[in-house]
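First up is the structure itself, then whatever we jot down about it.
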Amino acid sequence: MSTTTELLKGAAELFPDEVVTKALLRLVPMPGLDKPAALITLDNGFDHTKPNTFGPGGLASLEAAVDTAIEAQPAFIAVTGKPYIFCVGADITGMPLLKTRD
């Protein structure tokens, strides 16, 4: 396990109310290519009125999806969002819970 993954998982404990944006991986056959495309879709499980954000859990999910995609050796990796939205950025709702710079 990488240091980044350990930090993200540890940070997830600090943000128990995070709405985790999951990174869902699909291998999609591509006409004219010998290998499939790895399509990663970001989705927090809500509709477009609650956009995707990245907190510790979401970043860990994205890292895992990218690692799995790379292992599959696809023709390419594409990252997309749910309909109407990609991602609005960092999940700042947990900021008040931070007590140290680490």
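The values are calculated or read from the model by the stated rules, or taken from the named source; none is laboratory data. Since the model is a prediction, treat every value here as computed from it, not as a measurement. Areas reflect the complete protein model, heavy atoms only, side chains present, ligands, DNA and RNA absent. Shrake-Rupley method; radii C 1.70, N 1.55, O 1.52, S 1.80 Å.
Binning at 10 Å from 0, report for the chain what percent of all alpha-carbon pair distances ends up in each bin.
15, 40, 31, 12, 2, 0
Relative contact order (percent) for the chain, with alpha-carbon contacts under 8 angstrom and 6 or more residues of separation?
Values: 163 pairs, mean separation 33.6, N = 102.
Computed over the chain, the figure is 33 percent.
If you line up the long axis of helix 3-14 against the longest principal axis of the chain, both from Cα atoms, how many degrees apart are they, to the nearest 10?
Once rounded, the angle reads 50 degrees.
Multiplying the sequence separation of residue 90 and residue 76 by 0.36 nm and subtracting their Cα-Cα distance, what value in nm do you get?
On the way: separation 14, 0.36 × 14 = 5.04 nm, distance 2.58 nm.
So the chain would gain 2.5 nm between residue 90 and residue 76.
Roll a 1.4 Å probe over the protein heavy atoms and report the accessible area of residue 95 in Å², nearest 10.
Surface accessible to solvent at residue 95 totals approximately 110 Å².
Using a 1.4 Å probe on the protein heavy atoms, what percent of the accessible area of the chain belongs to carbon and sulfur? Kindly include the intermediate steps, with their values, before the conclusion.
Numbers: 4170 of 6900 Å².
Of the solvent-accessible surface of the chain, carbon and sulfur hold 60 percent.
Just the number please: accessible area per residue for the chain, 1.4 Å probe, all protein chains included, in Å².
Working: 6900 Å² over 102 residues.
Accessible area per residue, the chain: 68 Å².
If a/c stays under 1.5 just call it rounded; otherwise compare a/b with b/c (prolate if a/b is bigger, oblate if not). Do that for segment 49-102, with a ≥ b ≥ c from the square roots of the Cα gyration tensor eigenvalues.
Oblate, because a/c is 1.5 or more while a/b does not exceed b/c.
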